[in-house]
1. Could you name the lysines in cross-link range of K344, using Cα to Cα under 25 Å and dropping any fewer than eight places away on the same chain?
2. Just to be sure I understand the model, the point goes 7 Å from the Cα along the line to the Cβ. What's the resulting D306 to D398 distance in nm?
3. Can you compute the modelled spin-label distance between R221 and E292, with each label point 7 Å from Cα toward Cβ, in nm?
4. Compute the distance in nm between two label points, each set 7 Å from the Cα along the Cα-to-Cβ direction, one at V108 and one at F411.
5. Return the equivalent ellipsoid semi-axes of segment 167-255 as a descending list in whole Å, where each equals the square root of 5 times an eigenvalue of the C-alpha gyration tensor.
6. Radius of gyration and Dmax for segment 211-278's Cα atoms, expressed in Å?
7. Using the heavy atoms of the protein chains alone and a 1.4 angstrom probe, what is the accessible area of segment 105-166 per residue in square angstrom?
8. Relative contact order, percent, of segment 256-373 when contacts are C-alpha pairs under 8 Å separated by at least 6 residues?
Amino acid sequence: MERKFGTIIRRILALVLTICCLLSLSACAGEGETNTTKPPETVPSSSQTVTEPVTTQPPTTEPPTTEPPTTQPPTTEPPTTEPPVTRPPVVDEPPITKPPLTDNLPVVPGTVEITMTFVGDCTLGSNQKMSYWHSFQEYYAKYGADYFLKNVRPIFEQDDITVINLEGTLTTSTDIQDKKWNHKGDPEFVKVLSGSSVEVATLGNNHIMDYGISGANETIRVLEGADIEWSYNDIPAIYEVKGIRVGVVSVNVLSYGWKVETWLKDCYRQLREAGCAIVVACAHWGGDKVTELEDYQRNLGTKIIDMGYDLVVGHHPHVLQGIRRYRGRYICYSLGNFCYGGNKNPDDKDSGIFQQTFTVVDGQVVIDDNVRFIPCYLSGKKNENDYQPTLAYGAEFDRIIKKMNGYGAEFSFALNADGTSPHWKPKPPVPPTTEPEPHPTEPTTTEAPTTEPEPQPTEPTTTETPTTEPMPDETVIPSEPGEEEVEP
């Protein structure tokens, strides 16, 4: 019994010791938790707790572990203050604008004729994939600015307004856009236009933004510096000549689709309110190197005339397309390439000049069909592009006229053999044919001869025949008009 009792006592003591050890361990663990979770409480207890050994351990080990959480929030603040966030929106700014023209020009009384000349795509430079050899730049360096348009310059100089489609940029910008073809020329190349009597450049095309907003803005500044008016989408151009204001609108249908209708309507209203007697629309549309018209070209072309425009001229296909007469006005769908530096040897070099003389009577345009198409080549050489548009003559002139008539067959429109409209009634030649009629009638009413005999009998009585001898000499004067007729 004693042996069993002793064993029980030992087990009880062992159990008590085990419980005490567990309690002491839990107490130590509890003290460690309170120290880690309440570091601020140990800091304010100054002299009263200096003798406690527990307070010396937390300050040395725990502050480093608690400081990182306090330093993490600042690491998230810098991204909110990054300056580059404000940079990209600047690129999306639109080109510079023109101040609106609000003053009205007084109507010029009587009849005024304004002759306008239109040509196709003009790229004064090259694209980023072309080498310098045989490029527009090389020709400019060799021959100068006057070389390129010298064959057509007389036509440009004899008209009142020449309008070209500037298919590219004149800039030093390096902000090249992600495109297949980017057209660019030196700003100095504007002398090609200013030296050949070009008054207006249309910019509503798919290449004016080839070098971003910086390239477009520099191109506009270069044109303005050369006194060349420009038009771009919703910004029309106004040119004044002979006291008549002429408005030109240029829209990029390829990039903006039917949105251009709003621009066309707004620009038309602005130009009429500004006193423009003639308003012309230039549309950048059609398929690339396609002579057949697309349905939207036909629809939009007639809509523009219905808006009130006096003429529609198209660009972009790089080839010729037909001409249509609609409601007494004309739609020239494409004039092809003209002075085009974007290709060293285009397959189709046929080009043309469209010219119309508008008759303005007391501020209103009179429909008289005084239009003319002049066949051209974009190059003076058949097997390469020398960037010098040249007039066609003889059999080649006839060939291009027939080509244009084939394109216009769907509208039952065919140019005359000389490129004029079949609807044009040549009014200028009519006056010369009617003027000679009064001259023969004057001799029939020869009242002077009837009076001359009366003094003749009296002259012998007065023996003043020497004084009458000069009279026959004076009658020789009517022969002078005959001499003048020989001169022409």
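1. Partners within reach: K129, K142, K150, K179, K180, K184, K191, K289, K381, K382, K403.
2. So the label points at D306 and D398 sit 4.1 nm apart.
3. Once both label points are built, they end up 4.7 nm from each other.
4. 2.8 nm
5. Value: 23, 16, 9 Å, ordered largest first.
6. Final numbers for Rg and Dmax: 13.3, 38 Å.
7. Using a 1.4 Å probe on heavy atoms only, each residue of segment 105-166 averages 42 Å².
8. Relative contact order here is 20 percent.
The values are calculated or read from the model by the stated rules, or taken from the named source; none is laboratory data. Values in this document were obtained by computation on a predicted structure and should not be read as measured data. Reconstructed Cβ throughout: ideal geometry from the backbone, glycine too, with neighbour counts over all protein chains shown. Quick note on the areas: whole protein, heavy atoms, side chains included, nothing else; ligands and nucleic acids left out. Shrake-Rupley method; radii C 1.70, N 1.55, O 1.52, S 1.80 Å.
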